[in-house]
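Q: Pasting a structure below so you can have a look.
The values are calculated or read from the model by the stated rules, or taken from the named source; none is laboratory data. For clarity, every value in this text was computed on a predicted model and none was experimentally measured. No Cβ is skipped: glycine too gets one built from the backbone with ideal geometry, and neighbour counts run over all protein chains shown.
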Amino acid sequence: TITRTAFIGLGIMGGPMAANLVRADYDVTGYDMSREAVERLVAAGGRAAASVPEAVAGADVVITMLPDSPQVEEVAFGGDGLLEHGKPGMFHVDMSTIKPETSCRVAQAATIKGIRPLDAPVSGGERGAVDGTLSIMAGGHADDFEALRPLFGVLGTTVRHVGPSGAGQTVKAANQLVVGGIFGLVAEAIVLLEASGVDPESGLDVLAGGLAGSRILELRRHSMIKREFAPGFRIDLHHKDMGIVLAAARRAGVALPLTGLVAELMAAAKAQGHGHLDHSALLKVIERING
Ligand code: NAD
């Protein structure tokens, strides 16, 4: 049974995920560039490591939860990387949202070292990370996924194996284009209702109960109408994700016209200085277009 877990990247998502593993009696050693993030894990009952090699030494499974592809490559590759220091048979589960092609490259290098790779990005936000109710979409070997099912069960409720290496990231890309698109459209609905003199609260209440209903309308319509944009999921990260979506579309040889528009709105939000705000702040961009 798996007990020794290294957790690298203890931010908004990784911090509470690692703490949930500690609570479920996993032996968790954490590493993050930020000393404070590591100290929060220690306060939750985990162990501290001062480097990637130290975290990975003797681990049965290493989880990475880092911002983007370059950070995952940095932590995976090189003399100080987890592929160099992990023991053969160790699992590497990358739960960050990164490019599918980067996942495939990391997975290939892992396999050469006898390390068992899974890309397992998540959806459900900080709330889902804290509550252990994430959606987890995993790419890699089905046997490796099955071996880690108990661990995934600690972190999430909707847990699926979706295909070979990279498939988890492709599903996450699809998720991000849908989420971005819905936020953009809810923003447009609010602008239309307000400009027409109709109360947006009662308007969106009706939408939430009908065919237009969605988790986003359910959870975020009140905060959007009140213009509360504390993250949550930052525009900066969703902007990064739209880049991943468009790169994946280009590799797959398909055109995604609405996704392109949403990506540009996300870029506008970032350019207007809203990168640190929640992605629901797309509303600010739609408002600005309207004067
Ligand atoms: P975050 O910025 O809060 O956390 C990332 C952590 O990684 C930070 O603590 C940072 O210090 C650490 N880090 C960066 N580079 C490092 C390195 N080279 N070595 C060690 N530590 C390093 O980000 P987050 O919100 O936790 O997101 C992590 C990933 O999960 C991202 O890919 C994001 O897109 C994805 N994600 C986030 C959410 C969300 O709602 N926040 C939801 C789903 C998926």
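Q: What is the residue count in the range 43-66 for residues that are within 12 Å of the ligand (Cβ to nearest atom), part of a loop (DSSP other than H, G, I, E, B) and buried (at least 17 other Cβ atoms within 10 Å of the Cβ)?
A: Count: 3.
Q: Here's something else I'd like to know. Go through the range 137-165 and report how many residues are on the phi > 0 side of the Ramachandran plot and touching an Asp or Glu at 6+ places or on another chain (Cβ under 7 Å).
A: Step one: of the range 137-165, the residues on the phi > 0 side of the Ramachandran plot are 140, 163.
Keeping just the survivors that are touching an Asp or Glu at 6+ places or on another chain (Cβ under 7 Å) gives 140.
Matching residues across the range 137-165 total 1.
Q: Which members of the range 149-202 meet the condition of being of a type in the set (A, V, I, L, M, F, W, C) and in contact with a strand residue (DSSP E or B) (Cβ under 6 Å, 6 or more places away or on another chain)? So that I can check it myself, show each step before the final result.
A: Narrowing the range 149-202 to residues of a type in the set (A, V, I, L, M, F, W, C): 151-152, 154-155, 159, 162, 167, 171, 173-174, 177-179, 182-183, 185-187, 189-193, 195, 198.
Passing the criteria: F152, L155, V159, V162, A167, V171.
Q: What are the residue pairs meeting all of these: first residue in the range 87-104, first residue buried (at least 22 other Cβ atoms within 10 Å of the Cβ), second residue of a type in the set (F, W, Y) and not in a loop (DSSP other than H, G, I, E, B), Cβ atoms under 7 Å, and 6 or more apart or on different chains?
A: Hits for this filter: zero, empty list.
Q: Kindly indicate which of A267, A271 is exposed (fewer than 13 other Cβ atoms within 10 Å of the Cβ) and more than 16 Å from the ligand (Cβ to nearest atom). Reasoning before the result, please.
A: Working: A267 fails: exposed (fewer than 13 other Cβ atoms within 10 Å of the Cβ).
Of the residues listed, the single one that is exposed (fewer than 13 other Cβ atoms within 10 Å of the Cβ) and more than 16 Å from the ligand (Cβ to nearest atom) is A271.
Q: Does at least one position in the range 69-78 carry a residue that is surrounded by 22 or more Cβ atoms within 10 Å (Cβ to Cβ) and either more than 11 Å from the ligand (Cβ to nearest atom) or of a type in the set (K, R) (or both)?
A: No, the conditions are met nowhere in the range 69-78.
Q: While we're looking at this one, here's another question. If you check G140 against the conditions, is it at pLDDT below 95 and either not assigned by TED's automatic domain parsing to the domain that holds S69 or not charged (D, E, K, R) (or both)?
A: Numbers: at pLDDT below 95: no; either not assigned by TED's automatic domain parsing to the domain that holds S69 or not charged (D, E, K, R) (or both): yes.
When the stated conditions are applied, G140 does not pass them.
Q: Please find, among D236, D205, the residue that is part of a helix (DSSP H, G or I), more than 23 Å from P100 (Cα to Cα) and modelled with pLDDT of 95 or more. Don't jump to the end; show me each part of the working.
A: Values: D236 fails: more than 23 Å from P100 (Cα to Cα).
Going through D236, D205 in turn, the sole match is D205.
Q: Let me ask something additional. Condition (residue is under 29 Å from A24 (Cα atoms) and either outside the structural domain of S69 (by TED's automatic domain parsing) or without any contact (Cβ under 8 Å) to a residue 12 or more places away in the chain (or both)) applied to the range 181-203: is it met by at least one residue?
A: Going through the range 181-203, the residues under 29 Å from A24 (Cα atoms) turn out to be none.
No, the conditions are met nowhere in the range 181-203.
Q: Take E264 and tell me if it is touching a helix residue (DSSP H, G or I) at 6+ places or on another chain (Cβ under 7 Å) and either within 20 Å of S96 (Cα to Cα) or not small (G, A, S) (or both).
A: Values: touching a helix residue (DSSP H, G or I) at 6+ places or on another chain (Cβ under 7 Å): no; either within 20 Å of S96 (Cα to Cα) or not small (G, A, S) (or both): yes.
No: the conditions fail for E264.
Q: Which of (1) farther than 17 Å from T170 by Cα; (2) surrounded by 14 or more Cβ atoms within 10 Å (Cβ to Cβ) does K226 not meet, given it meets every other one?
A: Among (1) farther than 17 Å from T170 by Cα; (2) surrounded by 14 or more Cβ atoms within 10 Å (Cβ to Cβ), K226 violates only (2).
Q: For residues that are in a helix (DSSP H, G or I) and either among the charged types (D, E, K, R) or not assigned by TED's automatic domain parsing to the domain that holds L277 (or both), scanning just the range 213-233, find the one that is nearest to E194 (Cα to Cα).
A: Let us first name the residues in the range 213-233 that are in a helix (DSSP H, G or I), namely 215-225.
Filter once more, so that each one left must be either among the charged types (D, E, K, R) or not assigned by TED's automatic domain parsing to the domain that holds L277 (or both): 215, 218, 220-221.
Working: R215: 22, E218: 19, R220: 17, R221: 14 Å.
Across the range 213-233, the extreme among qualifying residues is R221.
Q: Among the numbered conditions (1) in a helix (DSSP H, G or I); (2) within 15 Å of the ligand (Cβ to nearest atom), tell me where T158 comes up short.
A: (1) is the only condition that T158 fails.
Q: Report, by residue number, each residue of the range 16-39 that is surrounded by fewer than 23 Cβ atoms within 10 Å (Cβ to Cβ), small (G, A, S) and within 10 Å of the ligand (Cβ to nearest atom).
A: S34, A37
Q: Determine whether the range 11-26 contains at least one residue that is modelled with pLDDT under 95 and within 21 Å of T133 (Cβ to Cβ). Step through it out loud before you land on a result.
A: Taking the range 11-26 and keeping what is modelled with pLDDT under 95, we get 12.
Narrowing further to those that are within 21 Å of T133 (Cβ to Cβ): 12.
There is at least one residue in the range 11-26 that is modelled with pLDDT under 95 and within 21 Å of T133 (Cβ to Cβ).
Q: Suppose we keep only residues that are of a type in the set (K, R) and under 17 Å from the mean Cα position of the chain (by Cα) within the range 216-247. Which one would you say is nearest to S280 (Cα to Cα)?
A: Taking the range 216-247 first, the residues of a type in the set (K, R) are 220-221, 226-227, 234, 240.
In the following step, the residues that additionally are under 17 Å from the mean Cα position of the chain (by Cα) were identified as 234, 240.
On the way: R234: 9, K240: 15 Å.
Residue satisfying both the conditions and the ranking: R234.
Q: Go through the range 4-37 and count every residue that is in a helix (DSSP H, G or I) and under 15 Å from V93 (Cβ atoms). Break it down into steps so the answer makes sense when it comes.
A: Residues of the range 4-37 that are in a helix (DSSP H, G or I), as a first pass: 14-23, 35-37.
Filter once more, keeping what is under 15 Å from V93 (Cβ atoms): 14, 17-18, 20-21.
Of the residues in that region, 5 qualify.
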